[in-house]
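Undergrad: One structure is given below, represented as C-alpha cells, and several questions about it will come after.
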Amino acid sequence: MSTEKSSLHTRNLHRNPYDFDLLISCVPELKHYVFVNVHGTRTINFSIPEAVKLLNKALLLHFYNIKDWDIPDTNLCPPIPGRADYVHYIADLLAERKDKIPTGTSVKGLDVGVGANLVYPLIAHKSYGWTMLGSDINEDSLKNALHILDQNPDLSSVIELKHQPDSNYIFRNIIGSEARLTFSMCNPPFHDSKESMIKGNLRKTKNLNKGKGSKTLLNFGGQQSELWCEGGELTFITNMINESVQYSSQVLWFTCLVSKKDNLYKLTTLLKKVKAVEVKTIDMAQGQKISRILAWTFVPQQNRKGWFM
C-alpha cells in the first residue's frame, strides 16, 4: 500500500498516493495506461511518454482547475509534484522570518524558460495568486503556452509571456527598465551536449524499466533549449549570476534549480565575488531524485519591507 510522499513540501497537494479513479474522471484516456503492479498498487509505466503526459494533465485539471492543457510530443513533460515543490519553497523564501506568505498579484515572478507547458506560472498563480511572467527562446514553445492561456481566459491578466530573441541573454530583453520583480525562477538545461542528453535519457528509462530489456525508449521529450546547452548547467547558471548583477535593484530574489551538487561550490563562490548580500541553498527531494534551489539577493534585509506593496 502506498504511503504519503513525505519528501515533498508540506503544502504540496501531491503528497498522497494518486487517486486514479478521480484522475481518470478528469482525463478518461488515462485509464488505458493504469495497471496494478506486483505490490498491488495502481500506477502507470513512467517510461511511456503518453502515460506521463496524461497523468500530469489530470493533476493540473483536478488540483489546479486548469482547462484543456496539452503540450506537443516534442516538448518536455514536467512532473507536476516536483514543479509544485519549487513554487512552495519560493513561497517560504519570500515569507523570510515571518509566518505569513505574501499572496496576491502584488507578488510578481519571472519563469526563465517557461517552455510549452506553462506549469510554473499556472501552479504559482493557482496556489498563491501571484502574477507571473514567462520567457523562452523557443517561439513554438511560447505559441503552445499562449494556447493554454487562451483556453484559460481567467489567467490572461495575471500571466504574461515574452520571447527572448537572443540566447546570449537571460534577463536582458525580458526585464524592462522600470520592472520590479519579487523573484525569478528557472529549471536550467542540465546537459552540455545532445550526446550526453541522449545517454542520460537512456539511463533514466532503463532505471524506470528496472533494467529489463536492452531496447529503451526515449521518453520525456524536449526541445534542445530545454535539455542541453553549451557548457551545461554550470555555464548556464554562471551566466545567470553574472547577468543578475545588472538587475540587482529590480529583482528581490533570484533563484535557480541546481541538479549537480558538485556545481554548488563554484556557484556560491561566484556569488560572493559579485557581492550578493544573502545566498541560500534549499534542498528538495522527490523520490530518488535530489535537487536543490540556489537563491541569492542583492537587497539588504532592511530594504525588503514593502517590496510587495
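The values are calculated or read from the model by the stated rules, or taken from the named source; none is laboratory data. Keep in mind that this is a model prediction, so the values were computed, not measured. So basically every Cβ, Gly included, is an ideal-geometry build from the backbone, and we count neighbours across all protein chains shown. All accessible areas refer to the heavy atoms of the entire protein, side chains included, with ligands and DNA or RNA removed. Shrake-Rupley method; radii C 1.70, N 1.55, O 1.52, S 1.80 Å.
Undergrad: Could you report the range 1-56's accessible area per residue, 1.4 Å probe, as an integer in Å²?
TA: On the way: 3260 Å² over 56 residues.
With all protein chains present, the range 1-56 gives 58 Å² per residue.
Undergrad: Leaving out ligands, DNA and RNA but keeping every protein chain, what accessible area does LEU61 have, in Å² rounded to the nearest 10, with a 1.4 Å probe?
TA: 40
Undergrad: With θ set to phi - 60°, apply the Karplus curve 6.51 cos²θ - 1.76 cosθ + 1.60 along the range 161-170 and write out the HN-Hα couplings as whole Hz, x wherever there is a Gly or Pro.
TA: 10, 9, 8, 8, x, 10, 5, 7, 10, 10
Undergrad: Same structure, new question: Give the relative contact order (percent, whole number) for the range 17-98; include only Cα pairs under 8 Å separated by 6+ residues.
TA: It comes to 21 percent, rounded to a whole number.
Undergrad: Next question, about the same structure. How many Å² of accessible area per residue for the range 87-141, probe 1.4 Å?
TA: Working: 1850 Å² over 55 residues.
On a per-residue basis, the range 87-141 sits at 34 Å².
Undergrad: Hey, got the dipole for the range 78-184? About the Cα centre, +1 on K and R Cβ, -1 on D and E Cβ, debye to the nearest 20?
TA: Working: 10 positive and 13 negative charges, 65 e Å.
The calculated dipole for the range 78-184 is roughly 320 debye.
Undergrad: Below 13 angstrom from the Cβ of ARG172, what's the summed charge of the other residues (Lys, Arg +1; Asp, Glu -1)?
TA: Details: positive: LYS162; negative: ASP166, GLU243.
Counting the neighbours of ARG172, the net charge comes to -1.
Undergrad: Using a Förster radius of 30 Å, what is the FRET efficiency between LEU270 and LYS305 based on their Cβ-Cβ separation? Nearest 0.05, please. Don't skip to the answer; put the middle values down first.
TA: Details: r = 28 Å, r/R0 = 0.94.
With R0 = 30 Å, the Cβ-Cβ based efficiency is 0.60.
Undergrad: Another question about this same structure. Students sometimes get this wrong: rank GLU178, GLU96, GLU160, GLU233 by accessible area, probe 1.4 Å, all chains present, largest first. Mind showing how you got there, number by number?
TA: On the way: GLU178 165, GLU96 45, GLU160 80, GLU233 5 Å².
Correct descending sequence by accessible area is GLU178, GLU160, GLU96, GLU233.
Undergrad: Rolling a 1.4 angstrom probe over the protein chains, ignoring ligands and nucleic acids, what is the accessible area of VAL279 in square angstrom, nearest 10?
TA: Here the accessible area works out near 60 Å².
Undergrad: While we're on this one: Taking a 1.4 Å probe, which of ILE24, ILE48 shows the most accessible area, and what order do the others take after it?
TA: Working: ILE24 30, ILE48 60 Å².
Ranking ILE24, ILE48 by accessible area, largest first, yields ILE48, ILE24.
Undergrad: Volume per residue, Å³, of the convex hull around the alpha-carbon atoms of the range 112-163?
TA: Working: hull volume 3.0 nm³, N = 52.
Convex hull volume per residue, Cα atoms: 59 Å³.
Undergrad: Return the sequence-ordered ³J(HN,Hα) values of the range 28-45 in whole Hz as given by the Karplus equation 6.51 cos²θ - 1.76 cosθ + 1.60 applied to θ = phi - 60°, using x for Gly and Pro.
TA: x, 4, 4, 4, 5, 10, 8, 9, 9, 7, 5, 8, x, 9, 6, 7, 10, 8
Undergrad: Could you give each residue of the range 290-297 its phi-based ³J(HN,Hα) in whole Hz, using Karplus coefficients 6.51, -1.76, 1.60 with θ = phi - 60°, and x for Gly or Pro?
TA: Working through the residues one at a time gives 10, 10, 8, 9, 9, 10, 8, 9 Hz.
Undergrad: For the range 111-163 and the range 51-65, what is the separation of their Cα centres, given in Å?
TA: Answer, in whole Å: 16.
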